[in-house]
Structure formats: C-alpha cells, structure tokens
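Values in this text are rule-based calculations from the coordinates and carry no lab data. What you see is a predicted model, and the numbers here were worked out from it, not measured in a lab. Every residue, glycine as well, gets a Cβ built from its backbone with ideal geometry; the counts of neighbours run over all protein chains shown.
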Amino acid sequence: MSARPMPTQETEQSSAKRFIAAVRQLHADEPDVDQRWEKMGSLLSELLADPSVKAQSEQWPSCDQGGLTAAEGGQRAQNLLLYEDPDHGFVINGLVKAPGTRTSIHDHAHNWTLYGVLDGNETIERYERLDDGSKPDYAEVRKTENAEVGPGKIDLVRPWQIHAEQSGEERTVAIIVRAEKPGTFLQGRYDPETRKYWQGYGPTQIPCDFE
Ligand SMILES: [Fe+2]
C-alpha cells in the first residue's frame, strides 16, 4: 500500500514566495543585466494578477512623497520594504499613494527598477534631458510621455531615466523591484519650471509584511 503523497512545497507556497524564488533564480541564471530586467517583467505580471496579493495590499499604509521641489526642502519619500534579498541585494518595495499624490520628477541614479501597478489608476510621466549637464544645479527637461495606466501595467525604469508618477482620484498601489535598496545613494531631482537640478537620497524604507 503506497503512502499518500505529502503536499509539495510548490503547492504550499504563496505568490509572494514563488515570486521571490523566481527572481532569485533569474539573478543566478541570467548574468546579462539588461536581459535579466527584461525577463523579470513576466514574473511581476503573474504576481500582480493574483487576487490575494491585492487583498493583502489593502492593509498597507500610504507612503509620504516628500517635498516636490528644492524650495520645499526636497524631503525624502517613503516606500514599504516588503523584502530584501540577502544574496543578490535586490529589494521589493510597495508604494501606496493617497488620492491626488504626485512624486517629484526624479531619476534612480544607477539603480534598475521594475515598477508594476497593483491597484488603482495613475499617470506615469517620462522626461528627456535636453542640456549636457555641464552647468551645476541646472537641468533642462522635457516631458516625452504621459501614460494613463492601471492594474497590471509594468514599467521598466532603466538607470538614470527621468520620470514621475501621479495618482488620480483614488488610492494607487505599486509593487516595485529594485536592483539595490535605495536611500543610501544620491538620486537626481528636476524642476522643469525653474530648471533647477539637485540631488537627494531615495525613499526611506518602512518594513512591511509580505506573505
Ligand atoms: Fe521613481
């Protein structure tokens, strides 16, 4: 008489755990950084499509987005820290924006970022830099894209890309994978009106359960 098979680890794993395992595997298997971040998109899509992930995000607190301009002090924004990988260094962040919240126009310096919308609708803006960067504290930027996006949208933000996001009339939630934890290195900030450029540290990390 054969014993009843034990449930496999696979069937017991949550989407979050499966996603983390798959991203770890991708880091081990894909040495080409461009390829790695391109391939990660389909893994994040799967995570965003799981209703249990959206259900747990309903408990996540809103994140401050800090000051919008240098004049406002360039305060630091907040992200929820859902996971930090001990071997590969990548992190998974949650970003909950209250209705009518706008991020600053910024870049992420050298850090790779995969941004996925989990809940709510928002606008993703992209900018291009027009000057050569030789003048201190100065940058000319021009908006090149203004995309209305909703749940399931994946946006790959390559190093140094200039962008902003804005929530509409509802709360929006994003899950973000970053190559390394932000907050310890300087990132660019841009004000197209005054052409002011300055740098500030990335979001502070607020630990949050992700199961
Ligand atoms: Fe960003």
- For a footprinting-style exposure proxy, rank His88, His27 by other Cβ within 10 Å, fewest first. His88, His27
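Add +1 for every Lys or Arg and -1 for every Asp or Glu among the other residues with Cβ under 14 Å from the Cβ of Arg36, and state the total.
On the way: positive: Arg24, Lys39, Arg158, Arg178; negative: Asp29, Glu30, Asp32, Asp34, Glu38, Asp85, Glu180.
Here the charged neighbours net out to -3.
With n ≥ 4 as the cut-off for DSSP H runs, can you work out [θ] at 222 nm for the chain, using -39500 (n - 2.57) per run divided by the number of residues, rounded to the nearest 500? Can you show the working numbers first?
On the way: 4 runs with 42 residues, N = 211.
Mean residue ellipticity, 222 nm, calculated: -6000 deg cm²/dmol.
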- Message: Going Cα to Cα from Lys135, which aspartates and glutamates come in below 19 Å? Please leave out same-chain ones fewer than 8 positions away.
- Response: Asp107, Asp191, Glu193
- Task: Within the stretch 34-53, which residues have the backbone N less than 15 Å from the label spot 7 Å out from Arg18 along Cα→beta-carbon, could you tell me?
- Result: 42-53
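Over the chain, calculate the relative contact order: mean separation of alpha carbon pairs under 8 Å at least 6 apart, over the residue count, as a percent. Don't skip to the end; give the middle numbers.
Values: 454 pairs, mean separation 53.2, N = 211.
Computed over the chain, the figure is 25 percent.
Can you bin the stretch 79-173 into rounded, prolate or oblate? Criterion: square roots of the alpha carbon gyration tensor eigenvalues sorted a ≥ b ≥ c, rounded for a/c under 1.5, prolate for a/b above b/c, oblate for the rest. Walk me through the numbers before you get to the answer.
Details: a/c = 2.16, a/b = 1.22, b/c = 1.77.
The shape class here is oblate.
Hey, which of these cross-link pairs are over 28 Å Cα-Cα: Lys54/Lys143; Lys39/Lys181; Lys17/Lys181; Lys54/Lys181?
Numbers: Lys54/Lys143 31 Å; Lys39/Lys181 20 Å; Lys17/Lys181 19 Å; Lys54/Lys181 23 Å.
Those over the limit are Lys54/Lys143.
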- In cubic angstrom per residue, the convex hull of the chain built on its Cα atoms measures 136
- Task: Could you compute the FRET efficiency for Arg195 and Arg102, with r as their C-beta to C-beta distance and R0 at 25 Å, rounded to 0.05?
- Result: 0.85
